[in-house]
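The values are calculated or read from the model by the stated rules, or taken from the named source; none is laboratory data. The structure presented is a predicted model; accordingly, all values stated were derived computationally and were not measured. Ideal geometry is used to build each Cβ from the backbone, glycine not excepted, and the neighbour counts take in all protein chains shown. Please note that ligands, DNA and RNA were not included when accessible areas were found on the heavy atoms of the full protein model with its side chains. Shrake-Rupley method; radii C 1.70, N 1.55, O 1.52, S 1.80 Å.
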Amino acid sequence: MALPIPLFGAGRVSPSADQVIPERSGTAFRMAAGDRLVVIDPRGEQVADLLAFNADDLDEVISSGRTLDYAETIYLTTGHILYSNRSRPMLDIVEDSVGRHDFLLTPCSVDTFHHFYPTLTPHRGCFGNLAAALEPYGIAPDRIPTAFNCFMNVPVDGQTGKLRVLPPVSKAGDHIAFVAKMDLVVGLTACSAPDSNGGTFKPIHYRVETHA
Ligand SMILES: [Zn+2]
């Protein structure tokens, strides 16, 4: 299936096929400092939860609180930096064809299903998928923080603070790209929660581009 995926830095990027994260699943992989991660929503309206840990010291992890504090906004896009709990840059957002992502809410989990979807069969969700994918890297479930939720659409009422979870505004082929600022272990999902994904579950595509 041909996808409208843009090319980056022609001539400098090592060829790598897009990887597929099937619906309602997750994966983990390493990135070296300087590598670029492209996360693609191939069909539109699909969220991907992203985690990052320092590959050399797993106590250093992506931090929503640090990042939102320094960005002075809850809506992050091209030019923003995702910081660690030690206030060091972990990932730079270098491209974003969507402009709406979430960094407030934790990965969906079996408890999320009990809370919001009591009539549905519970699913282990992004949390369970991330825990399983990160276990081989020595990362225990209790170390999973708030994820950067690519394409998740969480508008906030500026007066009341009321949150809503609406369908993503991403269209088929939209993407967000990051550059790693340190060696990382990354977790990435195709989200499992109905409301976050417009009521249907789709795959997520991604690739890691290593620059010479
Ligand atoms: Zn999820």
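Given contacts defined as C-alpha pairs under 8 Å and at least six residues apart, what's the relative contact order of the chain, whole-number percent? Please report the intermediate quantities before stating the final value.
Working: 538 pairs, mean separation 91.3, N = 212.
Reported relative contact order: 43 percent.
Taking the chain as a Gaussian network, where each spring joins two C-alpha atoms under 10 Å apart, which residue of Asp174, Asp111, Asp57 fluctuates the most?
Asp57
Compute the label zone of Val169 within segment 97-140: residues whose backbone N is under 19 Å from the point 7 Å along Cα-to-Cβ.
The answer is 97-105, whose backbone nitrogens lie closer than 19 Å to the label point.
What's the magnitude of the charge dipole for segment 112-195 around its Cα centre, counting Lys and Arg as +1 and Asp and Glu as -1 at the beta-carbon? Answer in Debye, nearest 20.
Details: 6 positive and 6 negative charges, 26 e Å.
Roughly 120 debye for segment 112-195.
Using a Gaussian network for the chain with springs between C-alpha atoms less than 10 Å apart, which of these wobbles most: Pro89, Pro122, Pro168?
Pro122
If you put +1 on each Lys and Arg Cβ and -1 on each Asp and Glu Cβ, how big is the dipole of segment 76-158 around its Cα centre, in Debye rounded to 20? Kindly include the intermediate steps, with their values, before the conclusion.
Values: 5 positive and 8 negative charges, 37 e Å.
So the magnitude is around 180 debye.
For segment 50-116, which trypsin sites (Lys or Arg not before Pro) pass both filters: DSSP loop (anything but H, G, I, E, B) and at most 13 other C-beta atoms within 10 Å? All intermediate terms of the calculation are to be shown ahead of the outcome.
Numbers: sites: Arg66, Arg86, Arg100; in loops: Arg86, Arg100.
Of the trypsin sites (Lys or Arg not before Pro), the ones in loops of segment 50-116 whose Cβ has at most 13 other Cβ atoms within 10 Å are Arg86.
Can you work out the accessible area per residue across the chain, with the rest of the protein chains kept in place, probe 1.4 Å, in square angstrom?
Numbers: 9610 Å² over 212 residues.
Value returned for the chain: 45 Å² of accessible area per residue.
Which of Ala172, Ala28, Ala180 moves most in a GNM of the chain, Cα contacts under 10 Å?
Result: Ala172 has the largest fluctuation of those listed.
What per residue convex hull volume, in Å³, do the alpha-carbon atoms of the chain yield?
On the way: hull volume 25.1 nm³, N = 212.
Residue-normalised Cα hull volume stands at 119 Å³.
For segment 95-159, which whole-number percentage of the solvent-accessible area (1.4 Å probe, protein heavy atoms only) is attributable to carbon and sulfur atoms? Before the final figure, lay out each step's value.
Values: 1640 of 3160 Å².
Exposed carbon and sulfur together represent 52 percent of the surface.
What number, rounded to the nearest 500 deg cm²/dmol, is the helix-based mean residue ellipticity at 222 nm of the chain, given -39500 (n - 2.57) per DSSP H run of at least four residues and division by all its residues?
Working: 3 runs with 25 residues, N = 212.
Counting only the DSSP helices, I get -3000 deg cm²/dmol.
Could you tell me whether segment 19-75 comes out rounded, prolate or oblate from its Cα gyration tensor? Rule is a ≥ b ≥ c as square roots of the eigenvalues, rounded for a/c under 1.5, then prolate if a/b exceeds b/c, otherwise oblate.
Oblate shape, in that a/c is at least 1.5 and b/c is the bigger or equal ratio.
Kindly provide log₁₀ I(q)/I(0) values, in the same order as q = 0.14 Å⁻¹, from the Debye equation applied to equal alpha-carbon scatterers of segment 111-212.
Result of the Debye calculation: -0.70.
Magnitude of the Cβ-charge dipole of the chain, K/R +1 and D/E -1, about the Cα centre, nearest 20 debye? Let's see the in-between values first.
Numbers: 17 positive and 24 negative charges, 60 e Å.
Once rounded to the nearest 20, the dipole reads 280 debye.
Considering only DSSP states other than H, G, I, E and B, which trypsin sites (Lys or Arg not before Pro) in segment 116-212 qualify as loop sites with at most 14 other Cβ atoms within 10 Å?
Numbers: sites: Arg124, Arg143, Lys162, Arg164, Lys171, Lys181, Arg207; in loops: Arg124, Lys162, Arg164, Lys181.
Those that pass, being in a loop and sparsely packed, are Lys162, Arg164.
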